[in-house]
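A.B. asks: I'd like to ask you about the structure that follows.
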Amino acid sequence: MSRQLIFDLPRQVSLVHDDYFVSEANAHAYALVMAPDDWPNGKLALHGPKGSGKTHLARVFAQETGAEILSAAAITPSTLLSEASHLVIEELEELPHHSEEALFHIHNDLSHRNGRLLLTAATPPSQWAVKLPDLASRLQATSSVSITDPDDQLLSAVLMKLFEDRQISVDIRLVSFLADRIERSFEAAQKIVAELDSEALARKRKINRALAAELLDQRGDQLP
């Protein structure tokens, strides 16, 4: 998928396929997630920082494959695998230790059925604090792919989406202005949008380049 940066940024807050913005920063992850037949042992771990689009990409995968989506934090000792042949488990770091055996059985059942398992987390499998040895060994053997820090195009798309998530309409020139001046990270994008929203409400002003310039000037060398 390719988009013209200025004229074709995502304009709707949506988790559908057409609104997933692909750039060099996430193209490799996108390509792997969308090719589940090529996953070694039918598994893939997708990791990256908060706000990097892991949830969006997991939803795209689910829409394309009919996968069930589970939150790791919601898995309980009594959780059973559904009939779905594809499964997404999000935020593996949040898996309760008392639910590790349940995930172990889910993992094995899906493997026996030749299903596909997509796992998402902020960190790679080697850093997951799983105590059950059999489960830990299986998870750590999972192939993984990361979403790297955003390039200019992806950072601009993320900024636009963050504003739209807050139902704030902004000029694309403001997005370009911010993308040129903040740290190139998903966290920095989230922080500047939240701060601009807060400042605009506090001052009863519109979010525009003038307000953004004032805020960035106030922060000075304390940029994220």
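The values are calculated or read from the model by the stated rules, or taken from the named source; none is laboratory data. All values derive from a computational prediction rather than experimental measurement. No Cβ is skipped: glycine too gets one built from the backbone with ideal geometry, and neighbour counts run over all protein chains shown.
A.B. asks: Can you tell me which residue in the range 29-82 is nearest to the chain's Cα centre (by Cα), limited to those that are basic (Lys, Arg) and within 14 Å of Ser146 (Cα to Cα)?
C.D. replies: For the range 29-82, the residue satisfying everything is Lys54.
A.B. asks: Among the residues of the range 10-23, are any modelled with pLDDT of 95 or more, out of contact with any strand residue (DSSP E or B) (no Cβ under 7 Å at 6 or more places or on another chain) and farther than 20 Å from Gln190 by Cβ?
C.D. replies: So far as the range 10-23 goes, no, none of its residues is modelled with pLDDT of 95 or more, out of contact with any strand residue (DSSP E or B) (no Cβ under 7 Å at 6 or more places or on another chain) and farther than 20 Å from Gln190 by Cβ.
A.B. asks: Can you confirm whether the range 83-98 contains a residue that is polar (S, T, N, Q) and free of Cβ contacts under 8 Å to residues at least 60 places away in the same chain?
C.D. replies: yes
A.B. asks: Okay, moving on. Scan the range 88-135 for residues that are over 13 Å from Gly48 (Cα atoms), among the aliphatic types (A, V, I, L, M) and assigned to a loop (DSSP other than H, G, I, E, B) and jot them down.
C.D. replies: Result: Leu95, Ala129, Val130, Leu132.
A.B. asks: I'm checking my understanding of the structure. Among residues of the range 111-150 that are loosely packed, with under 15 Cβ neighbours inside 10 Å and among the charged types (D, E, K, R), which one is nearest to Ala188 (Cα to Cα)?
C.D. replies: Residue satisfying both the conditions and the ranking: Lys131.
A.B. asks: Which residues, counting only those in the range 160-213, are of a type outside the set (Gly, Ala, Ser), within 23 Å of the chain's Cα centre (by Cα) and more than 22 Å from Ser23 (Cβ to Cβ)?
C.D. replies: Passing the criteria: Arg166, Gln167, Ile168, Glu195, Leu196, Asp197.
A.B. asks: Given the conditions (1) part of a helix (DSSP H, G or I); (2) free of Cβ contacts under 8 Å to residues at least 12 places away in the same chain; (3) among the hydroxyl-bearing types (Ser, Thr, Tyr), report the number of the one that Ser176 does not fulfil.
C.D. replies: The failed condition is (2).
A.B. asks: Could you run through the range 59-73 and say how many residues are under 18 Å from Tyr20 (Cβ atoms) and outside any helix (DSSP H, G or I)?
C.D. replies: The number of residues fulfilling the criteria is 3.
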